[in-house]
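Student: One structure, as structure tokens, below. Some questions next.
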Amino acid sequence: MIKFLSRTFLLSLLLLTHSFPLSAQPSTIPSSQTSPPNIQTQQIQNQLIKIIVNDMPNDKGRFAIETIQGNPSTTNDDHQSLIYGRPIPWTSYSTLLIDEQPFVFGNPSEKLKKRSKHPFKYLPITHQSKHSQEIISHANTTSINISQSLSFFQNPFTRLKDAVLISYTVTNTDHIPHQVGLRIMLDTMLGKNDGSPFRIGEHAHTNEITYSQSELQDYWQTFDQLSSPNIIAQGLLHLPEKGILKPDELTLSNWGSLVDAPWEFKYKKGRPFIRTGENEADTAIALRWDPQTILPKETRTFKTVYGLGGITLQAGELSLGISAPSEISVTHDPFLIMAYISNTSQLDAPNTKVTLQLPAGIQVLSGKQTQTIKSLPKGQTIQVPLIVQPNSKTRAKTTHIKLMVQSQLLENNQLKRPLSILPSQPLESQLTITPISSTHYQANLILKNPSQFNTKPLTATLKTPPPLKIAAFDLAQKNIQAIPANGQKELNWVFSATNNPSTSKNIRCEITSQKTQIQAVHATFPSLPNTPYFESRRHQKPIKKGDLFFTSISLKNAFKTTSLTGHIQYDPTHLKLTRISPEPWLYTSKQTPHIITQPGSISLQQLSIPKSSELLPLIKCHFKALKEGPTYVKIRSSDIPELSHHIIVTKEKPNSSHSGGPL
């Protein structure tokens with residue numbers, strides 16, 4: 001009753017706010033009047049749809065969705081609600097289940113407290129920001145960061161941004177794993193209609209029902225009547241190229257049952273969409289992703305889409321509708337075509353033949369293209385789902401899906417829905433070779449998918465001609481599950497060259513995928529460079545006791561690497577280290593903390609060499625000669641031969657000493 005009273009109160013508030021008469025039809029109410037400007041909300045809108053997020057101390061972060069122009073071909077759905085919430089959203093909320101504890105996303109709610117009579121745990125909003133295409137709300141616990149994003153989404157059924165992407169990003173900032181799940185509860189509403197049936201597969205639901213993930217279709221829809229719908233709404237559950245995956249569970253129920261329980265509720269299959277104590281339907285939907293382990297510093301994202309539905313309509317005694325994506329690729333994943341047939345006449349229709357005609361190359365995976373409905377009572381709508389997929393004979397073209405009905409009693413009817421089949425775009429690829437040691441090299445393959453669709457699973461095979469050989473710990477053939485639309489993947493191989501090839505070698509990488517030809521990319525492998533070694537130099541003047549001098553250490557034939565470790569050693573009884581001078585590139589790359597000095601040694605710890613170089617200066621070591629006699633400066637590394645630089649300190653002018661060089 002509280003929710004019903006609040007709607008009545010808000011309608012009275014709107015009537016009092018405006019001194020001029022209002023039309024009785026909500027479709028004529030201007031956008032600016034649906035949410036008065038003095039109400040504290042964050043709002044963004046385009047020509048078709050509007051997103052409203054509560055920005056008040058109570059219920060901050062709760063949201064609603066409304067149409068502006070809605071479907072451009074009709075005025076029936078102008079300025080209508082898709083999620084209840086005028087003028088201040090509060091009835092829809094999402095729940096994070098964190099380590100078995102449910103937390104409602106957003107600020108505490110006095111309305112929920114009064115209604116439910118039991119305390120809720122909340123994730124208060126720490127920051128909320130509005131952008132041209134998105135409203136983002138942030139919350140956190142001591143170990144988890146959560147962001148809610150509501151953004152305009154291009155509907156694959158209409159090609160218009162007439163839907164909203166509802167996304168939650170959860171990051172574990174802790175040093176231990178946490179279990180996190182999500183439930184999104186939407187208080188759905190179609191304009192003034194709060195009881196339209198939910199349509200999933202063959203069924204139109206007006207009573208409580210729960211679907212498991214395996215039972216769900218790619219999308220669900222809801223509308224009141226097919227011949228002249230007031231508004232058509234749609235939820236997308238499975239669109240992998242956009243990272244939208246089916247929830248583990250979807251529940252259709254009355255709002256009262258879902259709102260009072262933030263995670264588990266008392267499910268009763270077949271219960272009407274009517275709240276206890278009321279006599280009118282009040283629909284709601286809950287999408288639930290079961291808890292999964294999120295490791296430290298890892299992120300999990302949950303996505304779903306809700307907005308306007310894309311159905312092509314044809315009125316008649318047997319009214320028709322077809323819903324399907326507007327465009328697919330020749331290698332598209334299986335997709336759902338939904339046909340609707342509604343008997344809008346005053347007579348029952350016996351033996352109605354229904355036929356779905358598909359373009360050449362589109363094959364049926366599930367469902368029947370042709371079937372006869374023995375009896376279609378007047379006023380009844382049936383749904384015919386068909387799961388299809390392009391086969392190997394599919395070609396790019398502009399075509400259509402055709403729905404035909406033939407009746408013994410009523411007028412026949414037919415309907416076409418356009419379908420664009422797009423060609424498969426070749427991957428953009430780049431193969432590079434980089435030395436990582438004196439005998440080993442890394443092949444790096446970058447694959448970019450310029451398409452708006454995900455790729456099929458891929459296999460990449462590196463072909464290395466002798467004497468090049470894939471490292472024993474690596475595999476020549478590697479698999480990629482898929483490359484996202486407009487995304488990229490990277491693969492690496494390590495291979496060895498035990499002998500120096502006399503000529504450059506051509507390395508080939510073959511990329512194969514289902515339904516596509518072999519795509520190859522090449523890289524030229526140059527002759528092997530010389531083996532790396534340390535070099536040490538100092539000034540050529542004789543060294544006497546008490547003299548100051550320096551030794552400069554460099555790396556010849558340096559390879560790009562991320563783990564160069566070396567140790568410079570000297571005799572502290574003969575030499576005193578006065579200071580060190582790392583080369584400038586160590587300062588710019590912020591690696592000087594990796595240089596550690598101790599009596600008798602200077603450690604270079606895991607230096608990252610930015611690029612291969614014929615001569616790479618490392619460091620100057622400045623010494624004072626403490627006493628006469630022979631001494632040394634040595635540098636050693638596990639991968640590079642040791643260099644020992646001998647020094648003689650005398651009172652008299654000594655003979656020339658070794659000035660350094662390759663050993």
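Student: Counting Lys and Arg as +1 and Asp and Glu as -1, what is the net charge of the other residues whose Cβ lies under 10 Å from the Cβ of Ser644?
Tutor: On the way: positive: Lys634, Arg636; negative: Glu642.
Local net charge: +1.
Student: What percentage of all Cα-Cα pairs in the range 533-649 are separated by more than 26 Å? If you can, show how the numbers build up before the last one.
Tutor: Values: 1205 of 6786 pairs.
For the range 533-649, the fraction of Cα-Cα distances above 26 Å is 18 percent.
Student: Could you work out the helix-only [θ] at 222 nm for the chain, with each DSSP H run of four or more residues adding -39,500 (n - 2.57) and the total divided by the number of residues, to the nearest 500 deg cm²/dmol? All intermediate terms of the calculation are to be shown ahead of the outcome.
Tutor: On the way: 5 runs with 37 residues, N = 663.
Dividing the helical sum by the residues of the chain leaves -1500 deg cm²/dmol.
Student: If you take the Cα atoms of the range 91-308, find Rg, then find the Kirkwood Rh from the mean of 1/r over all pairs, what is Rg/Rh? Walk me through the numbers before you get to the answer.
Tutor: Working: Rg = 17.3 Å, Rh = 18.1 Å.
My calculation puts Rg/Rh at 0.96.
Student: Now for a separate question. Take the cross-link list Lys448/Lys478; Lys121/Lys303; Lys246/Lys269; Lys368/Lys402; Lys297/Lys456 and give me the ones stretching past 25 Å between alpha-carbons. Please list the in-between numbers first.
Tutor: Values: Lys448/Lys478 16 Å; Lys121/Lys303 23 Å; Lys246/Lys269 21 Å; Lys368/Lys402 14 Å; Lys297/Lys456 29 Å.
Violating the 25 Å limit, Cα to Cα: Lys297/Lys456.
Student: What order, most packed first, do the peptides 105-113, 301-309, 391-399 have when packing is the mean number of other Cβ atoms within 10 Å of each residue? Mind showing how you got there, number by number?
Tutor: On the way: 105-113: 19.2, 301-309: 22.9, 391-399: 13.3.
Highest to lowest by the protection proxy: 301-309, 105-113, 391-399.
Student: Charges at C-beta only: +1 for Lys and Arg, -1 for Asp and Glu. How large is the resulting dipole of the chain about its Cα centre, in Debye rounded to 20?
Tutor: Working: 66 positive and 46 negative charges, 414 e Å.
Roughly 2000 debye, rounded to the nearest 20.
Student: Given N residues in the range 257-316, what is Rg(Cα) / (2.2 N^0.38 Å)? All intermediate terms of the calculation are to be shown ahead of the outcome.
Tutor: On the way: Rg = 18.0 Å, N = 60, 2.2 N^0.38 = 10.4 Å.
Rg over 2.2 N^0.38 Å, computed on Cα atoms: 1.72.
Student: Also: How big is the range 370-461 along each principal axis, measuring the range of its Cα positions in Å and listing the largest first?
Tutor: 85, 23, 22
Student: Considering the dipole of the chain built from charges on the beta carbon (Lys and Arg +1, Asp and Glu -1) around the Cα centre, which of Leu287, Thr301, Ile311 is farthest to its positive end?
Tutor: Result: Thr301, furthest along the dipole toward the positive end.
Student: Let me ask another. Hey, fewest Cβ within 10 Å first, where do His594, His178 land in order?
Tutor: Values: His594 17, His178 20.
Ordered by Cβ neighbours within 10 Å, fewest first: His594, His178.
Student: In addition: Mind jotting down the distance between the C-alpha centroids of the range 289-340 and the range 537-611, whole Å?
Tutor: Cα centroid of the range 537-611 versus Cα centroid of the range 289-340: 62 Å apart.
Student: To make sure I understand, if each residue's beta carbon is the centre and we count other beta carbons within 10 Å, what order do Ile596, Ile470 fall in, fewest to most? Intermediate values should be presented prior to the final figure.
Tutor: Values: Ile596 11, Ile470 17.
Starting with the residue having the fewest Cβ neighbours, the order is Ile596, Ile470.
Student: Kirkwood hydrodynamic radius of the chain from all distinct Cα pairs, in Å?
Tutor: Numbers: mean 1/r = 0.0328 Å⁻¹.
With all distinct Cα pairs of the chain included, I get 30.5 Å.
Student: Highest mean first, how do 377-384, 236-243 rank when packing is the count of other Cβ atoms within 10 Å averaged over residues? Walk me through the numbers before you get to the answer.
Tutor: Values: 377-384: 15.9, 236-243: 18.9.
Put in order of decreasing packing, that is 236-243, 377-384.
Student: Of all the C-alpha pairs in the range 367-422, what % are more than 13 Å from each other?
Tutor: On the way: 1142 of 1540 pairs.
Cα-Cα pairs of the range 367-422 separated by over 13 Å account for 74 percent.
Student: Here's another thing I want to ask about it. Angle, helix 2-17 long axis vs. longest principal axis of the chain, Cα atoms, 0 to 90°, nearest 10?
Tutor: The two axes meet at around 90 degrees.
Student: Same structure, new question: Using Cβ contacts closer than 10 Å as the measure, can you line up Trp255, Trp263, Trp289 from fewest to most?
Tutor: On the way: Trp255 25, Trp263 17, Trp289 22.
The most exposed by this proxy come first: Trp263, Trp289, Trp255.
Student: Now a separate question. Expressed in whole Å with the largest first, what are the equivalent ellipsoid semi-axes of the range 312-422 derived from the C-alpha gyration tensor as the square root of 5 times each eigenvalue? Write down the numbers at each step before the final one.
Tutor: Details: eigenvalues 157, 32, 21 Å².
Ellipsoid semi-axes (Å, largest first): 28, 13, 10.
Student: Write down the Kirkwood hydrodynamic radius of the range 85-188, to one decimal in angstroms, obtained as one divided by the mean of 1/r over all alpha carbon pairs. Display every interim value, and only then the final one.
Tutor: Values: mean 1/r = 0.0657 Å⁻¹.
Over the range 85-188, the inverse of the mean reciprocal pair distance is 15.2 Å.
Student: Quick one: dipole size for the range 91-308, taken about the Cα centre, charges +1 on Lys/Arg Cβ and -1 on Asp/Glu Cβ, in debye to the nearest 20. Provide the component values of the computation, followed by the final result.
Tutor: Numbers: 23 positive and 23 negative charges, 83 e Å.
The calculated dipole for the range 91-308 is roughly 400 debye.
Student: Find how many whole Å separate the alpha carbon centroid of the range 439-493 from the alpha carbon centroid of the range 146-178.
Tutor: Using only Cα atoms, the two centres lie 29 Å from each other.
Student: Also, quick follow-up: How do 607-613, 330-336 rank on mean C-beta neighbours within 10 Å, highest first? If you can, show how the numbers build up before the last one.
Tutor: Details: 607-613: 15.9, 330-336: 18.7.
Those peptides, ordered most packed to least, come out 330-336, 607-613.
No value in this document is a laboratory result; all are computed from the given coordinates. Please read these numbers as outputs of a predicted model, since none were measured by experiment. A quick note on method: Cβ atoms are made from the backbone with ideal geometry, for glycine too, and the neighbour counts reach across all protein chains shown.
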